[in-house]
Every structure is written in C-alpha cells, then in structure tokens.
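Engineer: This is the structure I have questions about; it appears just below.
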Amino acid sequence: MTVIQDAVNTAFKLFGSDRILSQEKLAIMIDVVNKLTKEELDCKEEHLQRYSHIFTKVVEDDLFHFSIFYVQKGKRLPLHDHPGMHGIMKVLFGEIIVKSYTLEEQSCTRSDDKRPYKKTMDNTYDSSDQPISLTPNSNNIHEVVAKTDVAFFDCLIPPYKDNCNFYRMTKGHDSENEIVELICMGSEPESSYYTVARTYSGAPFYFETFRTSRAC
C-alpha cells in the first residue's frame, strides 16, 4: 500500500466515525503524514519554473482536505488563519520558515479588528523534520516563507467552510514578550499573492468505498 493510500484510509477511519479530534487521533495522523515523500507525490522543483505559487488539490472531502503547496524561493503564503481547524504540514522538498501566532487569552473579549497575538513559532523546517501542527487555539494564524524553492503537504481537519481570513501586522507590538498586534483584512489576500492550480500527478489512491460505507 502506498503512503498516500494509507493516509486516506487513516483519515477516514479516524475522523469518519465522529467529529471529536483527540490528541491520540492527531498523533496517529501526524505519524502517517510524516512518511509521505516528494517521489510518491511527484513533487519536483521544476514545477516552479513558471509560477511562484502553485496549489494542488489531492483530496477534497467534507471531513478533511489534503493538498500540496509549491512556493518559489523568497516568496511566501501571507498571514492567514484556520478557524476551528487542526492542520498538519509536511515539507516534501526545500526549506520553509513558519511564523505562527496565538491569540492572547486576556484579549478574547475585544470587539475591534486589532488584537494582540503572541508569536508562538518562528522556526525553519525541511523534509527531515517532523510535520508542523496547528490547532484551533494554538499557532492558528501563520505565514510560510520559502527559504528555497519548496513544496509541502497540507492536511486540514475539518476543511474550510468558507475562505480563510488574511492578516497584517500593525505598528503596535511588544518585542520583548513577542506580542504583536494583528488586524484582520478579510478574505481577500494582498494583490501580490496568487496561486496557480496544478493537477495531482502522484501515486493513485481510492476513497469512494469509504464514502459509500460512511453514508450507510
């Protein structure tokens, strides 16, 4: 069995019976995602020769989404959120810097668009590293900067119901405590950011049988 088939099977088994996401379930999913490789998913640096940002849909289901992002060296995915979602990212080739932010608890009652967040991640990752994870309440807003041409696998549980929100950092911040003020810009990204779709060309997999059994 290929790893991508194992990932599909595992996701349906873990998240198809109920919508409760335990740490044990997420740990199992992270372990499977960690085994994915660029060779199996047919991820090549040459795919980035023409475009700076490429998106490949792998699985789109009402329980979870699998996808692959390609980003050229020096480009980035701008600050964005994952409302109510868990996420797992695995670098397939290249290096990325991930900067993540978590809402400060004492600010949750504020009603304006500007809120203080604590920087909770600022690390570099490559394919030898364990997958990066986020939760609804931790590391949920992040940006991804490509140190080199890079591709990474992305698993979202559950998938987006609507578009994500994008953010920008304001001038107000507390550098000593790594507190920054972020303002929500809505669902429209900055004008310089765009993605080009690429059809999945990796190892084949099947999941229609899972849809049928789950519906029954």
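The values are calculated or read from the model by the stated rules, or taken from the named source; none is laboratory data. None of the values given here were measured: they were computed from a predicted structure. FYI the Cβ positions are ideal-geometry reconstructions off the backbone, even for glycines, and counts take in every protein chain you see. The area values use the complete protein model at the heavy-atom level, side chains included, leaving out ligands, DNA and RNA. Shrake-Rupley method; radii C 1.70, N 1.55, O 1.52, S 1.80 Å.
Engineer: Consider SER175 carefully, then state whether it is among the small types (Gly, Ala, Ser), out of contact with any Lys or Arg (no Cβ under 7 Å at 6 or more places or on another chain) and at pLDDT below 90.
Structural biologist: Working: among the small types (Gly, Ala, Ser): yes; out of contact with any Lys or Arg (no Cβ under 7 Å at 6 or more places or on another chain): yes; at pLDDT below 90: yes.
When the stated conditions are applied, SER175 passes them.
Engineer: Residues that are within 13 Å of the chain's Cα centre (by Cα), under 29 Å from LYS118 (Cβ atoms) and of a type in the set (Gly, Ala, Ser): which strands (runs of 3 or more DSSP E) entirely in the range 55-98 hold 1 or more of them?
Structural biologist: Details: elements: 65-71, 76-80, 86-93.
The qualifying strands (runs of 3 or more DSSP E) are 65-71, 86-93.
Engineer: A further question on this structure: Filter the range 58-81 down to the residues that are within 21 Å of VAL33 (Cβ to Cβ), open to solvent by 80 Å² or more (accessible area, probe 1.4 Å) and touching a Lys or Arg at 6+ places or on another chain (Cβ under 9 Å) and list them by number.
Structural biologist: Within the range 58-81, none qualify.
Engineer: Now a separate question. Considering only residues of the range 13-57 that are basic (Lys, Arg) and closer than 14 Å to PHE69 by Cα, which is surrounded by the fewest Cβ atoms within 10 Å (Cβ to Cβ)? Full working, then the answer.
Structural biologist: Restricting attention to the range 13-57, the residues satisfying the condition of being basic (Lys, Arg) are 13, 19, 25, 35, 38, 44, 50, 57.
With the extra rule that they be closer than 14 Å to PHE69 by Cα, the set shrinks to 38, 44, 57.
Values: LYS38: 19, LYS44: 16, LYS57: 13.
Ranking the qualifying residues of the range 13-57, first place goes to LYS57.
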